[in-house]
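Report on the structure given below.
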């Protein structure tokens with residue numbers, strides 16, 4: 001019992017360290033890649049090849065004032081980034097990097113293997129939006145409020161499609177646990193039988209992470225910066241960090257549910273590597289799409305979610321159900 | 001008969017498939033893929049940025065930058081004879097010339113007189129090149145250097161010595177045809 005507790009503690013520390021290490025890497029990767037997608041270099045002045053740019057950014061953010069407007073509720077404003085970051089990191093515990101005995105030890109390469117796996121992901125994904133909403137609403141500014149309302153409406157439109165898109169996978173694998181789902185993909189990755197589900201999941205995933213082309217909650221061209229208009233310093237940094245962790249999570253869920261998770265050529269000890277490669281590919285795709293697509297208009301976002309994604313996901317579930325039943 | 005109303009001839013034109021239908025969805029999806037291809041092409045082609053302080057934008061040889069005063073190459077005498085035609089031609093009135101007589105033991109220029117003071121106020125100069133056109137002896141020409149920023153306005157009044165000397169850095173040139 002003591003041993004398993006110790007293992008859990010070590011796992012938590014590793015997950016936290018990896019996340020905090022990976023987020024700045026993704027920041028710099030995004031800025032560099034965005035630059036390349038736009039025929040420029042991106043940051044290349046701070047450190048070798050601009051790799052220390054996130055350090056400089058964080059240093060700047062730390063030295064900034066924590067300002068709250070007179071109309072705001074300061075303690076709620078302070079709480080909102082905490083919610084966003086906590087829910088994001090909590091979801092990371094789910095990501096399976098390898099089977100139970102991948103490295104010969106008596107531990108799995110994941111934080112926890114809960115039997116309700118994907119439900120846990122949905123629960124925390126929805127909770128993360130409370131951070132956005134609370135932050136926007138508590139800021140007491142009209143742009144923040146608009147951003148918060150937008151994120152709420154976006155959540156309602158896309159959470160359903162997101163859930164339905166994964167339902168096909170759950171039915172085929174016969175389990176909600178991510179470890180079981182990945183293990184069921186030994187023969188064929190679910191992207192083949194569940195291609196429609198994959199498409200719906202990716203589109204809904206963009207909405208879930210509130211990134212381009214669905215970055216309406218912070219739509220900087222329309223409502224200043226949306227929910228984080230009044231945020232500055234490390235509070236803004238926390239929202240930012242939460243957003244990047246969210247990208248990692250959606251990429252990881254996509255990798256685990258559709259791209260075969262840790263499966264790949266080579267010995268089983270390489271499992272975490274394959275998982276990381278797939279997550280990385282997902283992150284690059286996120287950046288690629290951000291560099292390509294303009295932001296949708298608000299009514300387009302809603303009608304697309306309700307009129308296209310939801311029916312598509314429903315039909316996909318029905319067809320999968322018929323195949324699984326027979 | 002009533003006069004012709006152009007509005008009667010107007011008809012609805014639908015270009016491409018109706019949005020919302022299956023064909024519209026196909027077009028939207030195809031458009032998305034096309035967009036992704038376009039941005040990926042930028043990655044393959046590589047950046048077009050010129051890293052400015054290290055790399056400079058090459059200019060055409062006719063580019064009108066910082067002025068130069070010239071000497072005769074064989075005798076080393078200044079070409080400028082202090083006629084002030086450049087100052088007269090200057091629309092911004094930024095050139096000041098004070099002429100003085102050459103003497104046999106103090107021969108500065110090839111003519112009778114020389115420019116004792118020759119100043120160009122670079123904060124006023126509009127780089128039109130009229131001074132160059134006006135000069136009967138080709139004593140002043142427009143150079144290619146464009147890095148003229150400074151901290152003090154007084155430092156931007158270029159004296160004769162500065163204009164006669166070679167610029168500290170040479171600006172890269174590009175070929176006329178490029």
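Mind checking which residues of region B:101-121 are without any contact (Cβ under 8 Å) to a residue 40 or more places away in the chain and in a strand (DSSP E or B)?
The first filter runs over region B:101-121 and keeps only residues without any contact (Cβ under 8 Å) to a residue 40 or more places away in the chain, leaving B:101-114, B:116, B:121.
Within region B:101-121, B:101, B:103, B:106, B:109, B:113, B:114, B:116, B:121 qualify.
Take residue A:310 and decide whether it is in a helix (DSSP H, G or I), over 30 Å from residue A:186 (Cβ atoms) and more than 14 Å from every other protein chain (Cβ to nearest Cβ). Give the derivation first.
Working: in a helix (DSSP H, G or I): yes; over 30 Å from residue A:186 (Cβ atoms): yes; more than 14 Å from every other protein chain (Cβ to nearest Cβ): yes.
Judged against the criteria, residue A:310 is a match.
Scan region A:127-156 for residues that are surrounded by fewer than 20 Cβ atoms within 10 Å (Cβ to Cβ) and assigned to a helix (DSSP H, G or I) and jot them down. Quick ask: steps written out before the conclusion?
First, the residues of region A:127-156 that are surrounded by fewer than 20 Cβ atoms within 10 Å (Cβ to Cβ): A:127, A:130, A:140-142, A:145, A:149, A:152-153, A:156.
Matches in region A:127-156: A:127, A:130, A:142, A:145, A:149, A:152, A:153, A:156.
Tell me which residues, restricted to region B:134-171, are within 15 Å of the chain's Cα centre (by Cα) and loosely packed, with under 11 Cβ neighbours inside 10 Å.
Selection gives B:149 alone.
Here is a list: B:39, B:75. Which entry is over 19 Å from the mean Cα position of the chain (by Cα) and within 14 Å of chain A (Cβ to nearest Cβ)?
Details: B:75 fails: within 14 Å of chain A (Cβ to nearest Cβ).
One residue alone meets the criteria, B:39.
If residue B:80 satisfies all but one of (1) within 14 Å of chain A (Cβ to nearest Cβ); (2) farther than 27 Å from residue B:175 by Cβ, what's the number of the condition it fails?
Among (1) within 14 Å of chain A (Cβ to nearest Cβ); (2) farther than 27 Å from residue B:175 by Cβ, residue B:80 violates only (1).
Name the single residue that is nearest to the other protein chains (Cβ to nearest Cβ) among those in region B:3-36 being assigned to a helix (DSSP H, G or I) and surrounded by fewer than 10 Cβ atoms within 10 Å (Cβ to Cβ). Quick ask: steps written out before the conclusion?
Initial filter on region B:3-36 (assigned to a helix (DSSP H, G or I)): B:6-9, B:22-36.
Applying the additional criterion that residues be surrounded by fewer than 10 Cβ atoms within 10 Å (Cβ to Cβ) yields B:6-9, B:22.
Working: B:6: 32, B:7: 30, B:8: 33, B:9: 33, B:22: 11 Å.
Checked region B:3-36; the qualifying residue nearest to the other protein chains (Cβ to nearest Cβ) is B:22.
Residues to consider are A:315, A:319; find the one that is part of a helix (DSSP H, G or I), over 23 Å from residue A:216 (Cα atoms) and within 14 Å of chain B (Cβ to nearest Cβ).
Values: A:319 fails: within 14 Å of chain B (Cβ to nearest Cβ).
Going through A:315, A:319 in turn, just one is part of a helix (DSSP H, G or I), over 23 Å from residue A:216 (Cα atoms) and within 14 Å of chain B (Cβ to nearest Cβ): A:315.
Quick check on my filter: what residues within region B:42-56 are in a loop (DSSP other than H, G, I, E, B) and either facing chain A (nearest Cβ under 9 Å) or surrounded by 11 or more Cβ atoms within 10 Å (Cβ to Cβ) (or both)? Quick ask: steps written out before the conclusion?
As a first pass, look at region B:42-56 and keep what is in a loop (DSSP other than H, G, I, E, B): B:46-56.
Once the filter is applied, which keeps residues that are in a loop (DSSP other than H, G, I, E, B) and either facing chain A (nearest Cβ under 9 Å) or surrounded by 11 or more Cβ atoms within 10 Å (Cβ to Cβ) (or both), region B:42-56 yields B:46, B:47, B:48, B:49, B:51, B:56.
If you go through region A:258-279, how many residues are touching a helix residue (DSSP H, G or I) at 6+ places or on another chain (Cβ under 8 Å), in a helix (DSSP H, G or I) and at pLDDT 85 or above?
Residues flagged as touching a helix residue (DSSP H, G or I) at 6+ places or on another chain (Cβ under 8 Å), in a helix (DSSP H, G or I) and at pLDDT 85 or above within region A:258-279 amount to 2.
Please specify each residue of region A:286-307 satisfying the condition of being assigned to a helix (DSSP H, G or I), within 13 Å of another protein chain (Cβ to nearest Cβ) and crowded, with 17+ Cβ neighbours inside 10 Å. Explain how you work it out, then say what you get.
Kept after step one, since they are assigned to a helix (DSSP H, G or I), are these residues of region A:286-307: A:286-292, A:298-307.
If we keep only those that are within 13 Å of another protein chain (Cβ to nearest Cβ) as well, we get A:286-292, A:299-300, A:303-304, A:306-307.
Those that are assigned to a helix (DSSP H, G or I), within 13 Å of another protein chain (Cβ to nearest Cβ) and crowded, with 17+ Cβ neighbours inside 10 Å: A:286, A:287, A:288, A:289, A:290, A:291, A:292, A:304.
In a helix (DSSP H, G or I), more than 17 Å from the chain's Cα centre (by Cα) and within 14 Å of chain B (Cβ to nearest Cβ) - does that describe any residue in region A:16-29?
Checked against the condition, which is being in a helix (DSSP H, G or I), more than 17 Å from the chain's Cα centre (by Cα) and within 14 Å of chain B (Cβ to nearest Cβ), region A:16-29 yields no hits at all.
When you check residue A:259 against the structure, is it away from every other protein chain (no Cβ under 14 Å) and either free of Cβ contacts under 8 Å to residues at least 24 places away in the same chain or within 25 Å of residue A:160 (Cβ to Cβ) (or both), yes or no? Write out each step before concluding.
Details: away from every other protein chain (no Cβ under 14 Å): yes; either free of Cβ contacts under 8 Å to residues at least 24 places away in the same chain or within 25 Å of residue A:160 (Cβ to Cβ) (or both): yes.
The answer is yes for residue A:259.
From (1) outside any strand (DSSP E or B); (2) at pLDDT 85 or above, pick out the condition that doesn't hold for residue B:98.
It is condition (1) that residue B:98 fails.
The values are calculated or read from the model by the stated rules, or taken from the named source; none is laboratory data. None of these values were measured; they are calculated from a predicted model. Counting neighbours? That spans all protein chains shown, and the Cβs are built from the backbone with ideal geometry, glycine included.
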